[in-house]
Amino acid sequence: MSDKVRDYPKLAKDILDAVGGKENVSNVARCATRLRIVLKTDPPEAKRLVSQMPGVISVVERGGQFQVVIGQHVGEVYQAFLDLTGLDSDTPVEGEKPQGTIVNRVIATMSAVFAPFIYILAAAGILQGLLILINLVFPAFAETGTYEVFSLISWAPFVFLPILIAITASKHFRSNTYIAIAATGALVSPTLTELAGRIGEGESVSFLGFALSETTYTSTVLPALFLVWGLSYLERFLDKTLNETIRPLFTPFFALIIAVPLAIMVIGPITATGANVIADGYNVLANNAPALAGALIGAFWQVFVIFGVHWGITPMVLANYDQYGMDSFQAYQTIAVIAQVGAVLGVIIKTKRKEIKQVGTSAGITGLFGITEPAIYGITLRFKKPFIIGSISGAIGCIVASFFNPYYFAYAGLPGPLTIVNAISPDYPSSIWGVLIGVAIAIVLPVVLIQIFGFGDDTAKQAGSDTLVEEQNDTGNLEPATSAGKKFMNEENVLIPVKGSLVKLEDVPDQVFASGAMGKGIAIEPEDDRVTAPFEGEVTFVAPSKHAIGLKSTGGVEVLIHVGLDTVELDGKPFTIEVSVGEHVQAGDLLMAFDKQMIEQKGLKSIIPVIITNTKEYADIVLSETISTDKVIMTIVK
């Protein structure tokens, strides 16, 4: 459940306990919103238990990982989790279970490598976008030293991207971080770049008789990734082979003189070419069928996010920037992201429930920064229909944008509203207009469609039931449920707790109840002596004198059932309580029995007020005038 939580160490401990303790944890990493845990075995109840924890948005089991979607506070939970498990980036783990298929391992690796520094790339991308805007307004700014300094700052994370990859990949592959940095540092050395330039001009340069290629490795992904992966095996071999006296010196020595030349001559050219081929394959589709490329990205990008496989596209995107200085994938990706934000906005406008508005507002704000997991798990996928509408709207927005040749000219770590300026280029003036039009469609269309068709069924347990709780007709308008106890998405029903006739609250001969001071409600002149639960929920209060019971529904409605007037004077004698505080009850479960005759013999009224004590939290409370077949006496409009 996505309730607010401040005690992140406690949440980390609860998660750890649910997944089987630190003995069952092989590894843990994090991304922008998820705690990604690799478990040795999968406890059968772990997903259900963790999903219900306050502060947890959702749990996804993908890529050999137990992924806990937390949102913007994942960093605090991750750090606490590390402290509890004693894991750190350099601790070897014994008995780590296989992570499934090759595809799953690749996805898990990409996530573990890019997630820790994605905000660095995002910040650099935003700076590049701001420089684009400033140069547009003040062209002379590009000639100043100030521009040059800010420009080099914005490009530094990309130029030295292999070193960032070395840091995170060495932790993932459990190799020596400093050896990895030294090796990848050689790949981005200005000397190697100069050497490649000379080869490109026709000069022949060889290493041990083998001709070197003109490939450069700044801003590349796969060469550094494969280099560090290979290093992890080479280091382990050297550690086993070398005497422990010389091992600290000669392990890095041999690792560097073997791995770096191998990377320059074999690994680098092959992997760089592979990434470029994949990028070229996408570009063929985007250039020859841009509408199809846009439709696919707009419709399915958020599906990739759900399954946590979206990191796998990063090498292709970076290869485009490295080769061409621009990329269309991220332009379409931005529209797809904003379409989910538009779907959330549509739900916020449509719903009357405070809880949904609060969750939606928080998710929408996070979406402005290009992070859509809270929007997906908190709103759009929770109700299903908004997710589908958002995906369709994203596809339509991308199709329209494709007619304007949209591109991004600076890498966006987290594509979203803040990175739209990355589409500005004097060489492609139509690009920004395509993105803006696509974005406008992505925002407006979901809002309109959700107002027309509604936003579907709430499938989340924390919304009030394990089953679907809304019924709609084909136009999206709410219709009465066909069986007792069913609820609308924006409404919750309160059933009659005791057989009898309805009495307006203002007609109750007690000023406190009649005035509505305790909240809106209705009263019942009982014809039976058994009080039952009016909904599924929890017993929150039992009066010491046993004459009153408080309950809270799973949807948050708080009810007080007060049996008789002034019956507190009877010291509990006419009442038999069948439940206790904290007990979970279903609609119709027996709460208490009472002796109506004894109450009336004492000269007291046996009328039973049923009060909504948190009345102010709801848009309206509709009172029934008669008892219908579904036994609903009040409908709470949220």
Add +1 for every Lys or Arg and -1 for every Asp or Glu among the other residues with Cβ under 13 Å from the Cβ of residue 411, and state the total. -2
Solvent-accessible area, 1.4 Å probe, carbon plus sulfur percent, for segment 223-382: 72 percent
With θ set to phi - 60° and the Karplus curve 6.51 cos²θ - 1.76 cosθ + 1.60, what are the ³J(HN,Hα) couplings of segment 158-168 in order, to the nearest whole Hz, using x for Gly and Pro? 7, 4, 9, 4, x, 6, 4, 5, 4, 5, 6
Compute the length gained on full extension between residue 143 and residue 52: take 0.36 nm times their separation in residues and subtract their Cα-Cα distance, giving the result in nm to one decimal. 27.1 nm
Just for the Cα atoms in the chain, what are the lengths along the principal axes, largest first, rounded to whole Å? 111, 63, 42
Which residues among segment 518-561 fall inside the zone where the amide N is under 20 Å from a point 7 Å beyond the Cα of residue 626, along Cα→Cβ? 522-527
Under the rule rounded for a/c under 1.5, else prolate if a/b exceeds b/c, else oblate, using alpha carbon gyration tensor axes a ≥ b ≥ c, segment 528-632 is classed as prolate
If you place +1 on the Cβ of every Lys and Arg and -1 on the Cβ of every Asp and Glu, how big does the dipole about the Cα centre of the chain come out, in debye to the nearest 20? 560 debye
Inter-part gap, Cα centre of segment 371-410 to Cα centre of segment 498-543, in whole angstrom, is 47 Å
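Work out the length of the dipole vector of segment 159-278 about its Cα centre, built from +1 on the beta-carbon of each Lys and Arg and -1 on the beta-carbon of each Asp and Glu, and round it to the nearest 20 debye.
Value, rounded to 20: 440 debye.
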With a Förster distance of 30 angstrom and the Cβ-Cβ distance between residue 323 and residue 130, calculated FRET efficiency to the nearest 0.05 equals 0.75
Average accessible surface area per residue within the chain, 1.4 Å rolling probe, Å²: 45 Å²
Quick calc, residue 288 & residue 440: beta-carbon distance into FRET formula, R0 22 Å, rounding 0.05, result 0.25
Sticking to Cα atoms, compute the Rg of segment 269-374 to one decimal and its Dmax as the biggest Cα-Cα distance, whole number, in Å. 16.7, 58
Under Karplus coefficients 6.51, -1.76 and 1.60, residue-wise ³J(HN,Hα) of segment 603-614 in Hz, glycine/proline x: x, 10, 7, 9, 4, 10, x, 10, 10, 8, 6, 10
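Going by average Cβ neighbours within 10 Å, how do the peptides 326-337, 238-249, 369-380, 400-411 rank, with the highest at the top?
326-337, 369-380, 400-411, 238-249
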What spacing in nm lies between the two simple spin-label points modelled at residue 249 and residue 7, each 7 Å away from Cα in the Cβ direction? 5.4 nm
Quick note, segment 375-433: a/c under 1.5 would make it rounded; otherwise a/b > b/c is prolate and the rest oblate (a ≥ b ≥ c, C-alpha gyration tensor); here it is oblate
Sorted by chain and number, the residues with a modelled amide H under 5 Å from that of residue 633, at a separation of 5 or more or across chains, are 494, 495, 496
Taking every C-alpha to C-alpha distance in segment 315-470 and binning by 10 Å from 0, the per-bin percentages run 13, 39, 28, 14, 5, 0
Which of the residue pairs 357/631; 520/596; 499/520; 546/602; 13/638 have a Cα-Cα distance greater than 23 Å in the structure shown? 357/631; 520/596; 13/638
Hull-based mean projected area of segment 239-309, where the convex hull spans the alpha carbons, in square nanometres: 8.0 nm²
Once you charge only the Cβ atoms, +1 for Lys and Arg and -1 for Asp and Glu, what is the size of the charge dipole of segment 333-410 about its Cα centre, to the nearest 20 debye? 460 debye
Tell me which residues come under 5 Å, amide H to amide H, from residue 613 once H is placed; ignore anything under 5 positions away on its chain. 558, 559, 560
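If you take the square roots of the eigenvalues of the alpha-carbon gyration tensor of segment 127-283 and sort them as a ≥ b ≥ c, do you get rounded (a/c under 1.5), prolate (a/b over b/c) or oblate?
Verdict is prolate for segment 127-283.
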Return P(r) of segment 557-605 (all Cα-Cα pairs; 5 Å bins starting at 0; whole %; ordered from short to long distances). 4, 17, 29, 21, 15, 11, 3
Theoretical ellipticity at 222 nm over the chain - DSSP helices of four or more residues, -39500 (n - 2.57) apiece, nearest 500: -14500 deg cm²/dmol
On a 0 to 90 degree scale, rounded to 10, what angle separates helix 385-402 from the longest Cα axis of the chain? 30 degrees
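The values are calculated or read from the model by the stated rules, or taken from the named source; none is laboratory data. What you see is a predicted model, and the numbers here were worked out from it, not measured in a lab. Cβ sites come from the backbone with ideal geometry, for glycine too, and all protein chains shown count toward neighbours. In case anyone asks, the SASA skips ligands and DNA or RNA and just uses the protein heavy atoms, side chains included. Shrake-Rupley method; radii C 1.70, N 1.55, O 1.52, S 1.80 Å.
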